[in-house]
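Below is one structure, written out as structure tokens, with a few remarks after it.
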């Protein structure tokens with residue numbers, strides 16, 4: 001993977017400018033960790049959103065702005081796109097702060113309570129342990145691969161089917177199977 | 001039980017049903033669903049129920065801490081595209097990108113193979129003819145990465161601090177504009193930069209480079225991040241409001257009169273048109289070659305000067 005996808009990959013950059021879905025998905029996946037860093041940790045005087053839902057909403061607002069034709073064409077292809085989209089994210093965060101009355105600087109959970117992150121803080125230790133048990137409970141290697149490749153990493157069906165050497169029909173059956181097992185496990189364990 | 005408790009409980013139940021659909025790859029997820037979820041999440045109880053369900057999902061699938069799972073990323077990317085008004089121009093498939101990348105590697109190899117096959121065939125055909133000689137020279141034009149051409153625009157404060165004028169969406173009236181360019185194409189030897197501002201009395205052209213008395217485009221060379229030898233003080237000729245900067249990288253110089261005439265023919269609303277539409281109109285009216293590059297950058301001029309970093313409320317960066 002290049003340091004900066006849009007700057008270094010001319011094919012992807014042109015497709016992104018034209019608004020092709022595959023390129024925008026690639027851009028989303030490449031830059032989403034950076035945008036989460038901006039909305040979670042903040043910048044300058046802003047300390048980031050503590051509310052996990054608000055973080056997700058802010059990230060979506062940033063990408064919705066980045067995907068607009070005007071913004072796509074404004075990127076010059078010379079400088080780092082990471083820098084460009086970080087600046088955009090900061091502006092979107094400011095707009096959200098300006099108009100969102102829901103925003104509060106007091107975190108709902110204490111970020112210093114020893115948890116790895118806020119999501120883990122939301123879940124009880126028993127629930128986390130149960131989630132780990134679920135992952136270990138998938139004995140079929142195909143189901144493990146589906147959980148990891150499709151659900152966790154977000155590989156496309158076509159790509160994952162080719163990687164695993166199975167048909168898309170079989171992969172879809174496996175995805176549905178894993179989804180059912182997740183639902184059943186959540187009901188059994190009383191998880192949210 | 002008070003009405004507010006009943007409402008909160010109902011919202012939580014609704015949001016639990018919605019998040020179950022959101023996390024189910026077999027179910028569809030539309031913009032209306034997303035808006036409905038946002039609306040319900042205004043209730044703190046429903047928001048917490050949503051956050052818990054998401055956190056459980058991420059823990060169950062083993063997603064990286066603090067990041068959406070791959071499944072969520074698919075959902076979010078699709079909704080962001082719909083919110084941005086992007087029409088589907090090709091199937092959403094990462095595999096198609098891989099295929100495109102693969103084709104980029106394979107296409108030149110196939111082309112070379114084809115040319116060699118033709119040469120071999122020709123040489124075999126002419127083997128009996130002592131006067132025959134192969135006339136093909138070179139391997140034709142191979143696909144190379146697109147050369148980079150672009151204008152960089154920065155805002156500069158009175159005390160010399162610089163900020164990006166495009167990604168920050170704003171430059172300050174009391175600041176200066178500083179320009180640089182990158183040009184990897186030797187055939188593009190001239191640059192013309194101007195700004196357009198829509199005002200109450202119509203579209204106003206703000207010449208940047210060349211100035212009216214300089215006559216034609218500025219000569220440029222190939223290189224990266226080459227500065228233009230001037231800065232523009234915004235307060236001198238510009239006013240607050242939207243700002244559209246246009247850079248024309250051309251093979252031949254363009255006269256100031258030609259640009260002035262072309263712009264007077266444009267619709268007064270042109271500066272607020274989509275960049276692609278505006279570029280098409282510009283190309284109709286200017287003597288631009290197909291390989292000439294038109295770059296359009298949108299920003300806005302806001303009052304004052306950019307505040308120093310770490311202040312209580314400042315613009316990017």
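A few notes on this one:
- Count of the stretch B:153-170 residues, restricted to those that are within 15 Å of residue A:84 (Cα to Cα), part of a loop (DSSP other than H, G, I, E, B) and more than 9 Å from chain A (Cβ to nearest Cβ), is 1.
- Hits in the stretch A:51-89 - residues which are in contact (Cβ under 8 Å) with a residue 12 or more places away in the chain, more than 7 Å from chain B (Cβ to nearest Cβ) and within 12 Å of residue B:164 (Cβ to Cβ): A:75, A:80, A:85, A:86
- Filter result for the condition that a residue is loosely packed, with under 14 Cβ neighbours inside 10 Å, away from chain A (no Cβ under 14 Å) and at pLDDT 85 or above, over B:260, B:292: B:260
- So residue A:139, is it closer than 30 Å to residue B:25 by Cα, at pLDDT 85 or above and part of a loop (DSSP other than H, G, I, E, B): yes
- Yes/no for residue B:21 being facing chain A (nearest Cβ under 8 Å) and either within 21 Å of residue A:130 (Cβ to Cβ) or modelled with pLDDT of 85 or more (or both): no
- Checking B:41, B:26, B:74, B:47 one by one, the residue that is surrounded by fewer than 16 Cβ atoms within 10 Å (Cβ to Cβ) and within 8 Å of chain A (Cβ to nearest Cβ) is B:26 and no other.
- Any hit, the stretch B:178-196, residues being away from chain A (no Cβ under 14 Å), at pLDDT below 85 and in a strand (DSSP E or B): no
- Residue satisfying condition, being more than 8 Å from chain B (Cβ to nearest Cβ), surrounded by fewer than 18 Cβ atoms within 10 Å (Cβ to Cβ) and either assigned to a helix (DSSP H, G or I) or free of Cβ contacts under 8 Å to residues at least 24 places away in the same chain (or both), within set A:34, A:6: A:34
- Selection within the stretch A:13-22: residues that are touching a helix residue (DSSP H, G or I) at 6+ places or on another chain (Cβ under 7 Å) and within 7 Å of chain B (Cβ to nearest Cβ). The member of this set that is farthest from residue A:67 (Cα to Cα) is A:22.
- Any hit, the stretch A:155-166, residues being more than 11 Å from every other protein chain (Cβ to nearest Cβ), part of a loop (DSSP other than H, G, I, E, B) and either modelled with pLDDT under 90 or more than 29 Å from residue A:128 (Cβ to Cβ) (or both): yes
- Selection of the stretch A:167-185 for residues being at the interface with chain B (Cβ under 9 Å from one of its Cβ atoms) and either more than 18 Å from residue B:62 (Cβ to Cβ) or touching a strand residue (DSSP E or B) at 6+ places or on another chain (Cβ under 7 Å) (or both) yields A:172, A:176.
- Qualifying residue in the stretch B:32-45 (condition: closer than 19 Å to residue A:127 by Cβ, at pLDDT 90 or above and part of a helix (DSSP H, G or I)): no
The values are calculated or read from the model by the stated rules, or taken from the named source; none is laboratory data. Note that the coordinates shown come from a computational prediction; the quantities given were computed from them, not determined experimentally. Positions of Cβ are generated from backbone atoms using ideal geometry, with glycine treated the same way; all protein chains shown enter the neighbour counts.
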